[in-house]
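Below is one structure, written out as structure tokens, with a few remarks after it.
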Amino acid sequence: MRRPFISANWKMYKTIKQTAEFFKEFLPLVKDVKDVDIVIAPPALSIPKAVELTKGSNVEISAQNLYFEKEGAFTGEISADMILEAGCPYTIVGHSERRQYFNESDEFLNKKTKAALAAGLKVIFCIGETLSEREGGKIEEVLGRQLTEGLKDISADKLVIAYEPVWAIGTGVTASPEQAQDAHAFVRGKLKALYGVKADDLRILYGGSVKPNNVKELMSKPDVDGALVGGASLKADSFSQIVKFK
Ligand code: PGA
């Protein structure tokens, strides 16, 4: 049985003060949730505050990004060791906004994932097709490439996969539960080719306009093991409803 995994991706939202306000409201709302992994990825500056406020709770913190070098003259970047030392066990890698706006390639994301895992972080690795790729019948080609190249020479331990169709992110257009299941089944098949039976234990999250009113149906699909939530994770009330989807 795969344990549900619900993660917030705050993107470039919330100051340290707003982060503290969120947790004050959110933690009591989810304190009794025992059977779901709850992870929140705030902006890097808010990570220490988020770690401090969630200590001893059922919520874990994730970074949104990292650089693959251990240290050096890389202005503006943060390393896996810095994230880990801040008490943060996870990082997201390969979000479509990083791929799209910061030109991050499969090869580059492979290096980041390797660096994160080598340091001891767990990785939420994101993949997903654009609308034109979907309409051009290229879903399998794109997802297949993102997985085989992005996860090249990487072991399955400490990986969580997030399928996020780019056309569903921040648009209010969610993939239907059937579309999500089809893509997730394909992804699981690819992961089986890469990792054998271990693929059965890997969590595959769906991301793209997940809301309190659609999470339950998405989560009812056999290969949808969780959600990566942007907009609806910014309010304690709506994100707690998503966490308590059951
Ligand atoms: P959204 O974002 O929930 O606002 O669509 C999801 C994501 O980008 O992870």
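The values are calculated or read from the model by the stated rules, or taken from the named source; none is laboratory data. This structure is a prediction, so every number in the text was calculated from the model and none was measured. Here Cβ is always computed from backbone atoms with ideal geometry, including for glycine, and neighbour counts include all displayed protein chains.
What the table below lists for this structure:
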quantity: Residue within the range 189-203 that is within 13 Å of the ligand (Cβ to nearest atom), out of contact with any helix residue (DSSP H, G or I) (no Cβ under 8 Å at 6 or more places or on another chain) and within 22 Å of Ile92 (Cα to Cα) present; calculated: no
quantity: Qualifying residue in the range 215-227 (condition: within 18 Å of Gly172 (Cα to Cα), more than 12 Å from the ligand (Cβ to nearest atom) and polar (S, T, N, Q)); calculated: no
quantity: Leading residue by the ranking (surrounded by the most Cβ atoms within 10 Å (Cβ to Cβ)) among those in the range 1-30 that are out of contact with any Ser or Thr (no Cβ under 7 Å at 6 or more places or on another chain) and among the charged types (D, E, K, R); calculated: Lys11
quantity: Asp182 vs. criteria modelled with pLDDT under 95 and under 27 Å from Ser105 (Cβ atoms); calculated: no
quantity: Test: Lys138 is without any contact (Cβ under 8 Å) to a residue 60 or more places away in the chain, within 12 Å of the ligand (Cβ to nearest atom) and not polar (S, T, N, Q); calculated: no
quantity: Filtered residue count, the range 149-181, keeping only those that are away from the ligand (no atom under 16 Å from the Cβ) and hydroxyl-bearing (Ser, Thr, Tyr); calculated: 1
quantity: Residues that are within 16 Å of the ligand (Cβ to nearest atom) and in a helix (DSSP H, G or I), drawn from the range 82-99; calculated: Ser96, Glu97, Arg98, Arg99
quantity: Identity of the residue in the range 1-57, in a helix (DSSP H, G or I) and polar (S, T, N, Q), that ends up farthest from the ligand (Cβ to nearest atom); calculated: Thr54
quantity: The range 147-166, residues that are over 24 Å from Pro89 (Cβ atoms) and buried (at least 17 other Cβ atoms within 10 Å of the Cβ); calculated: Pro165, Val166
quantity: Residue list for the range 111-133, filter: polar (S, T, N, Q) and surrounded by fewer than 21 Cβ atoms within 10 Å (Cβ to Cβ); calculated: Thr130, Ser132
